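The values are calculated or read from the model by the stated rules, or taken from the named source; none is laboratory data. Because the structure is predicted, anything quoted here is derived from the model rather than measured. Here the Cβ is made from the backbone with ideal geometry for all residues, glycine too, and neighbour counts use every protein chain on show.
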Amino acid sequence: MKPWVLGLAGGIGSGKSAVVEAFGRLGVDWVDADHAARWVVEPGKPALGAIADRFGETVLAADGSLNRSVLRELVFHDPEQRKWLEELLHPMIRQEIAQHLARATSPYAIMVSPLLVESGQYRQVDRVLVVDVPEALQLERAARRDRCSEAQIQAILSAQISRDERLRHADDVLVNDRDLAWLMCEVERLHNFYLTLRGGQE
């Protein structure tokens, strides 16, 4: 039987990676949309050639890989170029994710995406788990992890949808505001519950 798909979302610094790795240790197959977005622009992939044709060699690093920061600058202030890039990459990313999920052998598989709700990807999954964390803790964790200033992190937060909006789409919420041992227990509890579901529904 094909595994059903759990969408895992959460804002910056919420601990999505720790959560999905804990599910992975319990034998659940997962794919990260951010990783898929990097795979589709690797050297030798059609997307990279199309991007270089469109924007010129400046978007390539010395080793022939994509120079993300240059590309980000080029599309950030130009809605038309950004739209072109999204129309090129989004179907490829979707396909990459679908291929990974199709290879899953666990009873359910997880798709991690920071933009699960914003991008509409939540419509492609059977159930949504949101990793939630109080905003003060979110800022502190993200600043520690990325060595960013609080202002930079606030800017990322304001670009992501509001916490309330994300929670509105959640079937399950994991509040990740304690230590790792507690988190592991919560993941195990959810995992045992998910194993009882058919197609992600109660």
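Taking into account only those residues within segment 1-14 that are touching a helix residue (DSSP H, G or I) at 6+ places or on another chain (Cβ under 7 Å) and not aliphatic (A, V, I, L, M), which is surrounded by the most Cβ atoms within 10 Å (Cβ to Cβ)?
Restricting to residues being touching a helix residue (DSSP H, G or I) at 6+ places or on another chain (Cβ under 7 Å) and not aliphatic (A, V, I, L, M), the top hit is 10.
Which residue, of 37, 18, is closer than 22 Å to residue 102 by Cα, out of contact with any strand residue (DSSP E or B) (no Cβ under 7 Å at 6 or more places or on another chain), surrounded by 12 or more Cβ atoms within 10 Å (Cβ to Cβ) and of a type in the set (Gly, Ala, Ser)?
37
Quick one: in segment 126-147, which of the residues that are of a type in the set (A, V, I, L, M, F, W, C) and crowded, with 17+ Cβ neighbours inside 10 Å is modelled with the lowest pLDDT?
Per the criteria, the residue is 142.
Do we find a residue being surrounded by 12 or more Cβ atoms within 10 Å (Cβ to Cβ) and modelled with pLDDT under 75 anywhere in segment 115-123?
No, segment 115-123 contains no residue that is surrounded by 12 or more Cβ atoms within 10 Å (Cβ to Cβ) and modelled with pLDDT under 75.
Looking only at segment 1-31, how many residues end up being under 21 Å from residue 169 (Cα atoms), out of contact with any Phe, Trp or Tyr (no Cβ under 9 Å at 6 or more places or on another chain) and at pLDDT 95 or above?
Matching residues across segment 1-31 total 2.
Here are some residues: 165, 202. Which one is outside the structural domain of residue 117 (by TED's automatic domain parsing) and either aromatic (Phe, Trp, Tyr) or loosely packed, with under 14 Cβ neighbours inside 10 Å (or both)?
From the options 165, 202, the qualifying one is 202.
Given the conditions (1) farther than 22 Å from residue 166 by Cβ; (2) not assigned by TED's automatic domain parsing to the domain that holds residue 132, report the number of the one that residue 93 does not fulfil.
(1)
Determine which member of the set 76, 55 is of a type in the set (Phe, Trp, Tyr) and without any contact (Cβ under 8 Å) to a residue 12 or more places away in the chain.
76
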